[in-house]
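Below is one structure, written out as structure tokens; comments come after it.
The values are calculated or read from the model by the stated rules, or taken from the named source; none is laboratory data. Note that the structure is a prediction, hence the values are computed from the model and not measured. Using ideal geometry, Cβ is built from the backbone for each residue, glycine included, and neighbour counts are taken over all protein chains shown.
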Amino acid sequence: MQLENNAVSDVVKRLRRAQGQLAGVIGMLENGRDCTEVITQLAAVCRALDRAGFKLVATGLKQCATARGSDKSTQLEEEQLERLFLSLA
């Protein structure tokens, strides 16, 4: 399934933000920052990655629902979408 450009743009923004946060976490570790601060930032990175993944799955569900009745080769099977969703859980 091909994603819509605006969905891709949103996901890329989220991933770039997570990339920056991860670089910050690495820097914090290298500079000997407090463990609680590092864990807080690491949790933020995890949430950013989760949100990017959920956006991809939500976009897939939306496109799949709106594609009903059209060419079935472009639709993801419900089972495939469920597996994708659960892989993020």
Checklist outcome for this item: Residue pairs within 9 Å by beta carbon, gap of at least six or interchain, first lying in the stretch 44-64 and in contact (Cβ under 8 Å) with a residue 24 or more places away in the chain, second among the acidic types (Asp, Glu) and assigned to a helix (DSSP H, G or I), listed first then second, are Ala52/Asp10; Lys55/Asp10; Thr59/Asp10; Cys64/Glu78
Item to check | Residue, surrounded by the fewest Cβ atoms within 10 Å (Cβ to Cβ), within the stretch 1-34, restricted to residues that are in contact with a helix residue (DSSP H, G or I) (Cβ under 9 Å, 6 or more places away or on another chain) and among the β-branched types (Val, Ile, Thr) | outcome: Val12
Checklist entry - Say we look at the stretch 68-89 and pick out the residues that are surrounded by 15 or more Cβ atoms within 10 Å (Cβ to Cβ) and at pLDDT below 70; which of these is farthest from Gln21 (Cα to Cα)? => result Gln75
